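For reference, the structure discussed in these notes is given below.
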Amino acid sequence: MQYKCIACLMALLAPLYTSFNFCWANEKKLVLAVSSQLSQSPQIEVYTNFYSEAFRRIGYGLELKVFPSERSGALANSGYVDGLPGRVKDYNSHYRDLIRVDVPLWTMEFVAYSNVALRLDVFGWEALAKSIYRVDCRIGVIRCVSMLSKPLSNRLELVYSAESALKRLQLRRSDVYVDLATIVDPLLREEKYASMGIKRVGAVELVENYLYLHKKHQALVPNLEVALKNMKEEGWLNGDPPHKD
């Protein structure tokens, strides 16, 4: 009930957003919400190429709208947008009006980052939960928050962006930052972050990502599952059209 109320409120108060339209003017389309953080990463191009083709196969165009991560989930759950391009398998246990298209797509890696020597032999969720360290997670990354919020209590800080988390590590306001490698690794290759001494210190979890649609699109799911399975077999998951001999 709490998530549904938040979703309705966010739909009513949705701010201006960035939109990327990949369909003809009069074409039917599905609108997917992507997080503002992901929209700045290389993964956005992968999603664009993959879902443009997937939706074309069922007679739809693609439009991507960019929102903060937590708001993306709430707006999809409310039906304000049609779905989300990549979330973990149990995401709809938090947002009950979303339907998982049951074809696992990309495998994403949650990674622990730090610029201090940590006394941990392993870096899974359980090890972090039992540690003495101050941990940052990004707002809207439900997997991280759900695994660490209770055991870490006042040692878990939710941050707005990966950039702010890296800055907090640099200032020693936190000890560990956990996020998706697809978000953080490209940032650490940039000059302004490369000099901070922040490194990957351990893999936390590998998770499979799924497409989610609002329940109003239930009728599209069977055809979409066929399209996604075929595209996986054809080699589309890297985001580029497969090469033909």
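The values are calculated or read from the model by the stated rules, or taken from the named source; none is laboratory data. Computed from a prediction, not measured in an experiment: that's the story for all the values here. Every residue, glycine among them, receives a Cβ derived from its backbone with ideal geometry; neighbour counts consider all protein chains shown.
Condition test on residue 46, is it within 23 Å of residue 230 (Cα to Cα) and within 11 Å of the chain's Cα centre (by Cα)?
Details: within 23 Å of residue 230 (Cα to Cα): yes; within 11 Å of the chain's Cα centre (by Cα): no.
So residue 46 fails the test.
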message = For segment 36-136, give me every one of the strands (runs of 3 or more DSSP E) that falls completely inside it and has 2 or more residues that are of a type in the set (D, E, K, R).
response = 61-67
note = Given the conditions (1) within 30 Å of residue 119 (Cβ to Cβ); (2) among the aliphatic types (A, V, I, L, M); (3) at pLDDT 95 or above; (4) in contact with a strand residue (DSSP E or B) (Cβ under 9 Å, 6 or more places away or on another chain), every one holds for residue 228 apart from (1)
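Give segment 71-113 a look and list any residue that's within 18 Å of residue 182 (Cβ to Cβ) and among the charged types (D, E, K, R), or say none. Show your work before the answer.
Initial filter on segment 71-113 (within 18 Å of residue 182 (Cβ to Cβ)): 72-73, 84-89, 91, 104-113.
Listed by number, the residues that qualify are 87, 89, 109.
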Extreme residue, surrounded by the most Cβ atoms within 10 Å (Cβ to Cβ), among residues of segment 107-125 that are over 23 Å from residue 86 (Cβ atoms) and small (Gly, Ala, Ser) = 114
request  = Out of 200, 173, report the one residue that is part of a strand (DSSP E or B) and either of a type in the set (A, V, I, L, M) or touching a residue at least 24 places away in the same chain (Cβ under 8 Å) (or both).
outcome  = 200
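Kindly indicate which of 97, 121 is outside the structural domain of residue 171 (by TED's automatic domain parsing) and either touching a helix residue (DSSP H, G or I) at 6+ places or on another chain (Cβ under 8 Å) or on the phi > 0 side of the Ramachandran plot (or both).
Working: 121 fails: outside the structural domain of residue 171 (by TED's automatic domain parsing).
Selected residue: 97, the only one of 97, 121 that is outside the structural domain of residue 171 (by TED's automatic domain parsing) and either touching a helix residue (DSSP H, G or I) at 6+ places or on another chain (Cβ under 8 Å) or on the phi > 0 side of the Ramachandran plot (or both).
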